[in-house]
Amino acid sequence: MTTIFGIPMALLYAQLLLGIINGAFYATLSLGLAVIFGMMGIANFAHGALYMMGAVGAWFMLNTLGIGYWPALILCPLVVGAFGMLLERFVLRRVSHIDHLYGMLLTFGIAFIVQGIFRFWFGSAGLPYAIPSLLTGGVNLGFMFLPYYRAWVIVASLGVCFLTWFAIEKTRLGAYLRAATENSKLVQAFGINVPVMIMLVYGGGAALAAFAGVLAAPILQVNPTMGAEVLIVIFAVVVIGGLGSIKGAIIAGFLAGIAEGLTKAFYPEASTTVVFLLMAFVLVVMPTGLFGTKTQAAATSVSLPALAHESAFMRWALFGAMAIGLAIAPLFIYPAFLMKAMTYALFACAFNLMAGYGKLVSFGHAMFLGTAGYVTAYAAKTWGLSPELAILAGTASAAVLGLVAGWLCTRSSGVYFAMISLALAQMIYFLALQLPQTGGEDGIQSVPRGALFGFIDLSNPTTLYLFVLAVFLGGFLFLSCLIRSPFGQILKAIREHEPRAQSLGYSTDRYKLATFVISAALSGLAGSTKVIVTQIASLTDVHWSMSGEVILMTFLGGVGTLYGPVLGSFVVVAMQNYLSALGAWVTVIQGAVFVICILTFRRGIVGELITFVSARQREKDRRGIAMPAGSKVVTGT
Amino acid sequence: MSIAFNGFYAVKNVDFTLHEGALHAVIGPNGAGKTTLFNLLTKFLQPTEGQIFHRGVEVTALKPAAIARQGVVRSFQISAVFQALTIRENIELALLRRSGLQWRLLGNARRDKALVERTEQVLEQFGFTREADIAAAELSYGRKRVLELATTVATDPSVLLLDEPMAGLGREDIDRVAELIQTTAKGRTILLVEHNMQVVSRLAERITVMARGQILAEGPYSEVSSRPDVIAAYTGGTH
Ligand SMILES: Nc1ncnc2c1ncn2[C@@H]1O[C@H](COP(=O)(O)OP(=O)(O)OP(=O)(O)O)[C@@H](O)[C@H]1O
Ligand SMILES: [Mg+2]
């Protein structure tokens, strides 16, 4: 048998074929993502869910309605495309006039809802789907056996990719589309209905995703979570190809598939991470991807909620109230719940430093929480370090990771930033899954709590509670001082108008990087403390859904406010605790809360409250100024 | 130097010298490349070809913030103030760096006496004392421009680049800002882009006329403004 570098040729060809097939899916999916991004400026987090709808839809049509593969290949994309148009028309359009971030967050919430509902209907087991009879069997090419269906997948994907590319680059409709991305007002002035066009584009992207889903049904595992897994790879692919570039998406899709296939042949352990490594490499060499030219405009359209006046007394009174409240809370509420909520609250506050004050919304913040957790668990269990040193080690490792990730991420902003952070986090996830030290699926269990500084025994529940309370309050206080410090002021300035901050002599990249590192370190502190409390470090803490949860907590409570993330964490943790009996519905409820929050009170609970109060303060001032003498605007410090 | 966007030269073979202590104006029709020239000089754009020197030292590879730290500070054509911050905070921000506080993670800038004093001075000099604690967003357009000028001057730059400081201002504001520019010009070098010819004739000692990315003429105001090709470029270009 012929071999190459010790690998049998047959195996190599088989993996290469598998790679090309995966590449075909990646290309079709990232194509839709690229088209939607180009037109609407949002990274469509619902893309994975739409793909899953295609696959599960095909299964449903066959098993319930008796509709076979070929009609499903047409029908599914049509149905899902129509669903996409409805989503655009009634949900996404409501936020199209403000920062694209909100559109992205909406698709994120929608993905949660769709996935949750499908899990409820179809369970999470695999749904078998047979290869259509026309395409069973295969042909022996001499050097390998080629199943007909796989050949069809490649041909069909290439065909669809080519058609889409042709439609956008070579037809008049495509010309309008491209013009509308440049200047939608102008195109509208030519008498073209841009809103309808956007609706069609989103529907088209959704249909493409569903098409890939139906194609995948006979050869990949059909189940309601299949979309979430592929979505993150697709993001990496789109970043590699260059955001908004159609050609880039197609080429990078196949490239990623082939790279994955070859790695599987030579070094199987790395096959799941290779795409992310490829992405990191491409970004270091060319920050806008292989074919991307579009640089992100950072438009702030939602300002930070701030009180017109607030006094130092009021600030300390609020903080004192929170401290006392949390100190006596265990008398009434289950302490384990409170400790969990406090660690999440610290995590959310750390995230908020970046998202709110730095306007860098990371979709991969779980990597810091989880990494620190693993390091702490390992240090406490294997090295036998005392808890404070183990926590320090965890926090430091998160800070170092923050430095590396931050260096990669802060070279970009907006959507790029979101996608890169997510993809990096996924790399960390795979590492945690595969490294021998992290215990794979089991994680690191029964981590000893030990004694703080050698003499404060943390196995005592009261001591443990007080310790967690101290860590949380300490972290919170640090953050609230930080945002009022000169550093914090400069951060706000960068958020408001980055070029202006530069023209005042501030190296904005360094400030962003510093923010990233501080945020990572504090997230790490939260993760480390969490491990000491729960005595387990597991994959859930590095999983992307954890990154999603922290976004939910922060935005629900109020991004860019001090107390918002704290409140948000308590609400979300309470929801999970008290609704856990509902199973899959928790995801749906969380997603729905998120969507409602973005649509109706996007400043979050605390943010809306502050806005309301400060509007009344201003009103009062105005009346005060109108009065003759004596009254004067109160000085806010 | 030159810069091209997708093959289109917005600034082409411009050889430009700004002399120390001068109050120099750049004029030209819309789209002449004036703002682009500013962006190049302050490194917000990277020239496709050519070099930039500041006091004999090449600065072509520097980043915008580094240029600003050398004392070359610009204003923006579209008013650039930090909207959500108060006027006081806007000015403090301009002062933080020179006070060496810019990397302080804890503590409040207001504990620094020198900074507070300097802030008060700037507030007073530009007539903001009464409104110091309202958000910049609440100012009228004209006052925002004045605030931007105030923050620019507060950094105590040696070279100021002002991009259409009078655009969108009312008559009174124009007079006040012109006066402010005149006072700040003492001991500084100023490069001014302006469409308002009265202002240019009143302030500038020397002018450069740009059209289609190139320099058309350069010299004392009275001399250049009467040249027929300059008038033609202006009337032909602005339609
Ligand atoms: N980033 C860019 N990409 C493409 N073209 C650009 C870019 N920036 C400027 N241009 C083009 O360069 C030319 C010069 O623009 P610039 O803004 O420098 O003109 P200006 O002289 O400042 O005009 P105005 O008086 O209207 O401010 C214009 O045709 C403009 O469209
Ligand atoms: Mg201009």
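The values are calculated or read from the model by the stated rules, or taken from the named source; none is laboratory data. Note that this is a predicted model, so its numbers are computed, not measured. So basically every Cβ, Gly included, is an ideal-geometry build from the backbone, and we count neighbours across all protein chains shown. Note: areas computed on protein heavy atoms with side chains; ligands, DNA, RNA excluded. Shrake-Rupley method; radii C 1.70, N 1.55, O 1.52, S 1.80 Å.
If you filter the stretch B:91-110 down to residues that are farther than 20 Å from A:S507 by Cβ and at pLDDT 85 or above, you find that the one that is nearest to the other protein chains (Cβ to nearest Cβ) is B:L106. If the condition is being surrounded by fewer than 23 Cβ atoms within 10 Å (Cβ to Cβ) and outside any helix (DSSP H, G or I), then the stretch A:363-387 contributes A:T382, A:W383, A:G384, A:L385, A:S386. Taking the stretch B:123-171 as the range and being in contact with a helix residue (DSSP H, G or I) (Cβ under 6 Å, 6 or more places away or on another chain), within 16 Å of ligand 2 (Cβ to nearest atom) and of a type in the set (G, A, S) as the test, only B:G168 passes.
Does B:R97 satisfy the criteria of being more than 16 Å from ligand 2 (Cβ to nearest atom), in contact with a Gly (Cβ under 8 Å, 6 or more places away or on another chain) and outside the structural domain of B:Y221 (by TED's automatic domain parsing)? Against the criterion (more than 16 Å from ligand 2 (Cβ to nearest atom), in contact with a Gly (Cβ under 8 Å, 6 or more places away or on another chain) and outside the structural domain of B:Y221 (by TED's automatic domain parsing)), B:R97 qualifies. Screening B:A137, B:A217 for residues that are more than 13 Å from the chain's Cα centre (by Cα), within 14 Å of another protein chain (Cβ to nearest Cβ) and not in a loop (DSSP other than H, G, I, E, B) leaves exactly one candidate, B:A137. Exactly one residue among B:I134, B:I190, B:I207 is within 16 Å of ligand 1 (Cβ to nearest atom) and either closer than 22 Å to B:V81 by Cα or open to solvent by less than 10 Å² (accessible area, probe 1.4 Å) (or both), and that residue is B:I207.
Kindly provide the set of residues from the stretch A:562-582 that are open to solvent by less than 40 Å² (accessible area, probe 1.4 Å), in contact (Cβ under 8 Å) with a residue 40 or more places away in the chain and over 14 Å from A:A336 (Cα atoms), ordered by number.
A:G564, A:P565, A:V566, A:G568, A:S569, A:V572
From (1) part of a helix (DSSP H, G or I); (2) free of Cβ contacts under 8 Å to residues at least 12 places away in the same chain, pick out the condition that doesn't hold for B:K186. Unmet condition: (1).
For B:V177, the conditions (1) more than 16 Å from ligand 2 (Cβ to nearest atom); (2) assigned to a strand (DSSP E or B); (3) buried (at least 19 other Cβ atoms within 10 Å of the Cβ) all hold with the exception of (2). For the stretch B:35-77, a tally of residues being over 13 Å from B:V11 (Cα atoms), among the aromatic types (F, W, Y) and either open to solvent by 30 Å² or more (accessible area, probe 1.4 Å) or more than 9 Å from every other protein chain (Cβ to nearest Cβ) (or both) returns 2.
Look at A:L567 and say whether it is outside the structural domain of A:P436 (by TED's automatic domain parsing) and assigned to a helix (DSSP H, G or I). So A:L567 passes the test. Residues being surrounded by 23 or more Cβ atoms within 10 Å (Cβ to Cβ) and more than 10 Å from chain B (Cβ to nearest Cβ): count how many of those fall in the stretch A:477-507. Qualifying residue count for the region: 1. Restricting A:I391, A:I328 to those that are β-branched (V, I, T) and surrounded by fewer than 21 Cβ atoms within 10 Å (Cβ to Cβ) reduces the list to A:I328.
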